1. Just to verify a result, which residue in the stretch A:36-86, among those that are among the β-branched types (Val, Ile, Thr) and either more than 14 Å from chain B (Cβ to nearest Cβ) or part of a loop (DSSP other than H, G, I, E, B) (or both), is most open to solvent (accessible area, probe 1.4 Å)?
2. Listed residues A:203, A:209, A:186; which is at pLDDT 90 or above and in a helix (DSSP H, G or I)?
3. Going through B:75, B:67, B:97 one at a time, which residue ends up being assigned to a helix (DSSP H, G or I), within 14 Å of chain A (Cβ to nearest Cβ) and modelled with pLDDT of 90 or more?
4. Taking only pairs six or more apart or across chains, which ones have beta-carbon atoms under 8 Å, a first residue in the stretch A:227-247 that is facing chain B (nearest Cβ under 8 Å), and a second residue that is open to solvent by less than 60 Å² (accessible area, probe 1.4 Å) and among the aromatic types (Phe, Trp, Tyr)?
5. Could you please let me know if residue B:128 is assigned to a helix (DSSP H, G or I) and open to solvent by 10 Å² or more (accessible area, probe 1.4 Å)?
6. Taking the stretch B:227-240 only, how many residues are within 14 Å of chain A (Cβ to nearest Cβ), in a helix (DSSP H, G or I) and touching a Ser or Thr at 6+ places or on another chain (Cβ under 9 Å)?
7. Quick one: which residue in A:135, A:127, A:160, A:148 is aliphatic (A, V, I, L, M) and within 15 Å of the chain's Cα centre (by Cα)?
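The values are calculated or read from the model by the stated rules, or taken from the named source; none is laboratory data. What you see is a predicted model, and the numbers here were worked out from it, not measured in a lab. FYI the Cβ positions are ideal-geometry reconstructions off the backbone, even for glycines, and counts take in every protein chain you see. Just so you know, the surface numbers come from the protein's heavy atoms only, side chains and all, with ligands and any DNA or RNA stripped out. Shrake-Rupley method; radii C 1.70, N 1.55, O 1.52, S 1.80 Å.
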Amino acid sequence: MTAYQTGLLVILALNVLGAFAVYLPLSAGQLNLGIAGFMAVGAYAAAWLGNEQGWGATAAIAAGGGAAALVACAVAVPILRTHGIYLALATFALGQVITAVFLNLEPVGAAAGYPVTEHIGPAAVLLTTLGVAALVLLLSCTRFALCLTAIRSDAVVADLMGMPVRALKVAAFTLGAAIAGLSGGLYALHYNYVEAQHFGVMLSTYTVLYVLLGGTRSVWGPILGAAFFTLIPELLRASAGWRYAIFALLVILFMAWRPAGLLTGGLRLPWRRRAAEETP
Amino acid sequence: MIAQQLVNGVMLGAIYMLVAVAFTLAIGILNFLNFSIPGLFMVGGMVTWALLAQGWHWSIAVGAALLAAAFVALLVERLSYRPSRDADPEVPLASALGFLILLENLFVIRYGSDQLSFPALLPDFNWRLGGLVIGGAQLVSLAVAVALVLWLSVLLRRTNTGRRIRAVAESRETAVILGVDVGRLVPQVFVSSAVFTAAGGVLFALNYLQVSATMGEGVGFKGVAAMIIGGMGSIWGAILGGLLIGLAEVLTIGFLGADLVDIAVYGLLLALLILRPEGLLGRPAAREKL
């Protein structure tokens, strides 16, 4: 594999992780527009632990995911008091605040950026992504995923059916943030450089769009969305400006033509549907 | 110099106010969080700049910029709002974000992403009042912003169009039954929302004498913050929120440093969303999209 292809695969892996981080809370009906903030927490935590505390790469990245999860868990309780559009905007504001804090944090280089000494190769990034993807796929076959879908469809009914709605919501939010933190940690240690400006509004926006385009009803949706929009512009060999313009145009057209995303529940495999019908 | 800071804050707040009013129109009447508005703001500033650079008279340049923004807003209505009215709530939001990205990148491709200097249209004129210095551009912006908002509130309160708009905001179905031509009214709302935003963009360019393809992001997102702080769907709330954000920003720069602006503004927004999600002047939301 050429270096170019490897580099592309790493970008794809990081985008898939980001997409999962958005997908998990979204499957419970929470649109997280501040996912880049959690990526920043993971990236800076992993970088700092590796640089200053001498932690190994694995421990540092895991701690990055953990740190993002901790932040998410701490803010989840107040933030999940808001619903719908207010939640989306609260996460948006949170993402902005987190990025702005890192932009002013002197111990990690503030606006100048923060070089990272620990390094991981592309194989580690890809393997971690595969692991996370397997975990999310596994999770999608459990009761947990069913409960999240129920909450997304109607939180009141889910509550009446005895589901611990609040706890499930916090769990989905925290898990999503943990994955975002993990992807941030991988990013920091693979590229050996973190800069707060990278984790801006637009990163959150693009990540959310991957998921919405791929489809939010199936766990394959985020993978497809991220893959589609990492690889298609490469194939078109477009310049950076045109790449995003084409991406945006496709977003608009797809949303008008196929509002539920590329991959919807209707595309489920035929034998799965038959099995569902046979059960009384 | 706290009085001077307050004056500057109000002037900056006037621009946020226009953007916040545009957001609040879309969400209050159509229940649509129109994230293409920062793009329209940029279109207002950039098209004016481009036509001025071609040597056009300023009135034609500004008029063309407003028309361009109105045209884009009609496209947004046709391609984002209309097809996804019955879809999942996050779909129109994603589509509007698509428009924002598209507009920004089309302008980056054409004009680059650097700051471009905007010619000073107004003679360099400062009005001194005691120790206060008020720039001519600031004064013009404030006057235009206040006039636009007053016009809107009279329109909503006194005219037939205003009555129709308020009926749709109250209940779309009932308005349709009562004979309101929603298919014609909605594009009108989009156009007026676009005119407000683009006017904000032109005024921003007049005040700061520079434009760029990404000028909409910072101001536009602070306009969202202003709208929420005032209360979604409330015009007076948007005005209050815009002024508050402008003041908060200028005072933060004055006393804490420019680096902390985003922390202050978005921290304020976050705290308010958690403590009082309906905003300062808003009523608790009974229905919401997304």
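1. This residue is A:58.
2. None of the other options fit; the residue is A:186.
3. On inspection, the qualifying residue turns out to be B:75.
4. A:247/A:206; A:247/A:229
5. Spelling it out, it is not the case that residue B:128 is assigned to a helix (DSSP H, G or I) and open to solvent by 10 Å² or more (accessible area, probe 1.4 Å).
6. The total comes to 2.
7. Numbers: A:127 fails: within 15 Å of the chain's Cα centre (by Cα); A:160 fails: within 15 Å of the chain's Cα centre (by Cα); A:148 fails: within 15 Å of the chain's Cα centre (by Cα).
Criteria check complete, one pass: A:135.
This table checks each residue for (1) within 14 Å of the chain's Cα centre (by Cα); (2) more than 13 Å from every other protein chain (Cβ to nearest Cβ); (3) not hydroxyl-bearing (Ser, Thr, Tyr).
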residue: B:187; (1), (2), (3): no, yes, yes
residue: B:220; (1), (2), (3): yes, no, yes
residue: B:257; (1), (2), (3): no, no, yes
residue: B:269; (1), (2), (3): no, no, yes
